[in-house]
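To start, the structure itself, in structure tokens.
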Amino acid sequence: MSKIAEVRAHVEIGKTKIVPVLVQQALDEGHTAVEILQAMIDGMGVVGDKFSAGEIFVPEMLIAAKAMAKGVEVLKPHLAGESSLSLGTCVIGTVQGDLHDIGKNLVAMMIESAGFTVIDLGVDVPAEKFISAVKDNSGVNLVACSGLLSTTMPAMRATVAALKSCGLSGFKVLVGGAPVTREFADEIGADAYAADAGSAAIMAKELAAAA
Amino acid sequence: MLSKRQNLIETIRGGNPDRFVNQYEFLDIILEAPLRTRPQRGQTITNEWGVTMSWPQDQLGPFPVHDEAHRAIKDITKWRETIRCPSVEFSDERWAPAIAHAASVDREDKYVTVFFASGTFEMTHFLMGMEDAMMNFYEEPEHMHELIDFLTDYEIRYAKQIIERIRPDALFHHDDWGSQVASLLSPQMFREFFLEPYKKAYGFWKDNGVELIVHHSDSYAANLVPSMIDMGIDIWQGVMTTNNTPELIKKYGGQIAFMGELDSGPLDHQDWDAKVIAEHVERACRSCGKHHFIPCLTQGLNFSSFPGVYEATSKAIDEMSKKMFP
């Protein structure tokens with residue numbers, strides 16, 4: 001197995017101590033930082049698919065993301081100035097009136113692992129705060145809105161409406177959360193819907209590619 | 001007509017119930033029993049475990065606060081240095097309302113029921129935050145086992161006290177093990193960490209007079225049912241429609257009963273509709289049938305978040321009993 005393949009395989013199974021060692025070895029062998037980063041992103045793609053399919057669970061996904069983060073730490077000095085893998089910037093938050101953060105955090109982690117810079121606004125986020133974050137940060141091409149409670153679905157509707165009518169452009173809106181369905185996402189004018197963290201990362205990549 | 005208790009037994013054993021068990025009717029839950037401090041709506045408190053809980057005015061319930069300043073366990077390897085087990089000794093005055101309530105219950109008709117929350121799984125992430133808890137199962141399994149054993153011993157010490165005071169017939173035990181569509185842990189990891197501790201705790205309750213263990217997890221947890229059976233759970237309350245309850249009943253009926261199938265989310269909201277509730281109740285009753293099933297909102301106590309929903313649900317269940325138990 002090549003060193004690059006080893007990096008990818010060990011990210012997939014969440015080997016937090018081994019991945020940074022393998023990343024250093026891959027660099028020493030002459031692989032570029034971009035190649036190694038892409039291998040880790042691909043590994044996390046597999047993790048996301050397995051999570052969506054119910055083959056792995058939250059701990060496995062978190063530990064894989066942690067392994068990747070450890071690898072990225074080693075890569076960082078070598079990535080300076082290389083932005084070819086950046087898919088853009090994603091603003092994410094749980095909509096106003098909803099304090100649930102677990103699902104949102106998982107989505108943020110998977111979107112970051114897919115190659116986005118993530119700006120996490122936290123929970124109970126008013127529509128104006130989403131809009132300000134789009135305005136205040138350069139390169140925002142995705143806004144992800146999360147909600148767990150059926151009682152906060154009106155807030156999600158209002159947030160999407162505010163984002164769509166705020167006069168800013170260049171970004172797509174992705175929605176998700178337990179009570180949210182594809183039909184509801186369509187009805188409120190969101191650009192995309194994701195059922196879980198794995199499919200959110202896939203959808204984010206598709207939206208970035210289509211932009 | 002069977003008593004509530006007799007009807008429950010006939011239902012969960014697959015005998016001859018004369019109507020649907022109507023939600024929580026068979027449990028008389030002694031909520032006056034002292035346990036741990038909970039915030040009221042609008043309050044933020046730090047409880048006996050050092051967990052900060054906040055209940056904002058506009059929310060349906062309290063949330064643990066897990067920013068850097070508030071996590072009770074910041075480093076699992078040092079949990080013994082930071083966590084102090086709360087006392088389970090309470091004064092006679094604190095126990096008096098619970099004892100009076102228990103004494104007023106007709107035990108021929110209903111089960112005098114202890115309410116216990118939060119269970120050991122929830123406690124792990126209440127103490128350190130979800131992300132840390134989930135990763136510590138992988139990275140620090142020995143410490144997690146020790147912490148879980150410590151939490152289990154606390155439950156047993158509490159059980160000794162309340163058993164002595166009110167002689168309960170049933171336990172209603174909360175521990176949410178999943179999201180709406182998946183368990184948080186794999187079945188293998190769940191068994192590794194929680195099967196034996198729960199066997200020990202539930203075994204203690206049962207060895208000391210508790211006849212019925214009702215476990216609340218309003219989530220998907222179909223993949224954990226074999227563990228639930230091994231732990232000694234008699235009724236899983238909170239089973240959501242995402243679990244395919246009719247299939248679970250076919251597969252496990254007789255070993256465990258299922259209470260729920262009426263997801264609170266789409267029914268219990270500001271604009272609730274009695275007609276919609278009745279439709280959901282009819283679907284639940286017809287698809288799950290008369291045995292090993294108790295139609296119930298998935299909410300973890302005998303009320304609803306919005307006034308009238310619980311009562312409308314009970315009324316609809318009574319209507320289904322008239323139709324299906326002529």
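Just so you know, all these numbers are worked out from the coordinates, no wet-lab data involved. Here the structure is a predicted model, which means the values were calculated and not measured. No Cβ is skipped: glycine too gets one built from the backbone with ideal geometry, and neighbour counts run over all protein chains shown.
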**Fill in**
Long-range alpha-carbon pairs in region A:88-210, meaning those over 18 Å apart, account in percent for 41
**Item:** Three principal axis lengths of region B:81-211 [C-alpha, angstrom, descending]
**Value:** 49, 35, 25
**Complete:** For the pair B:LYS78 and B:VAL276, the simple spin-label estimate (label points 7 Å beyond Cα toward Cβ) gives in nm 5.0
**Request:** Go through region A:137-148 residue by residue and turn each phi into a ³J(HN,Hα) via Karplus (6.51, -1.76, 1.60, θ = phi - 60°); whole Hz please, and just put x for glycine and proline.
**Result:** 10, 7, x, 6, 10, 8, 10, 10, 10, 10, x, 9
**Asked** Per the Kirkwood formula on distinct C-alpha pairs, the Rh of the protein assembly as shown is how many angstrom?
**Response** 25.0
**Message:** Quick check for you: which residues of region B:28-62 have the amide N under 16 Å from the point 7 Å beyond the Cα of B:GLU93 toward its beta carbon?
**Reply:** B:34
**Message:** For the pair A:PHE184/B:LYS206, report the inter-label distance in nm, with labels modelled 7 Å from Cα in the Cβ direction.
**Reply:** 3.9
**Item:** Cα-based convex hull, region B:1-142, per residue volume (Å³, whole number)
**Value:** 175
**Request:** Using only the alpha carbons, work out the radius of gyration and Dmax of region A:3-79 in angstrom.
**Result:** 11.7, 37
**Asked** In nm², what is the average projected area of the convex hull enclosing the Cα atoms of region B:1-76?
**Response** 8.7
**Prompt:** Stretch B:LYS199-B:ARG107 to full length: gain in nm at 0.36 nm per residue minus the Cα-Cα span?
**Reply:** 30.5 nm
**Asked** Given region B:183-326, what whole percent of its Cα pairs are spread farther than 20 Å?
**Response** 50
**Item:** Whole-angstrom Cα spans of chain B along principal axes, big to small
**Value:** 62, 42, 40
**Message:** Only helices at least 18 Å long along their own axis, judged from Cα atoms, and with Kyte-Doolittle mean hydropathy of -1.0 or greater: name those in chain B from DSSP H.
**Reply:** B:141-166, B:274-288, B:309-324
**Asked** Taking only Cα atoms, what is the 0 to 90° angle, nearest 10, from helix A:33-52's long axis to the longest principal axis of chain A?
**Response** 50
**Prompt:** How big is the convex hull of the Cα atoms of region A:1-146, per residue, in Å³?
**Reply:** 103
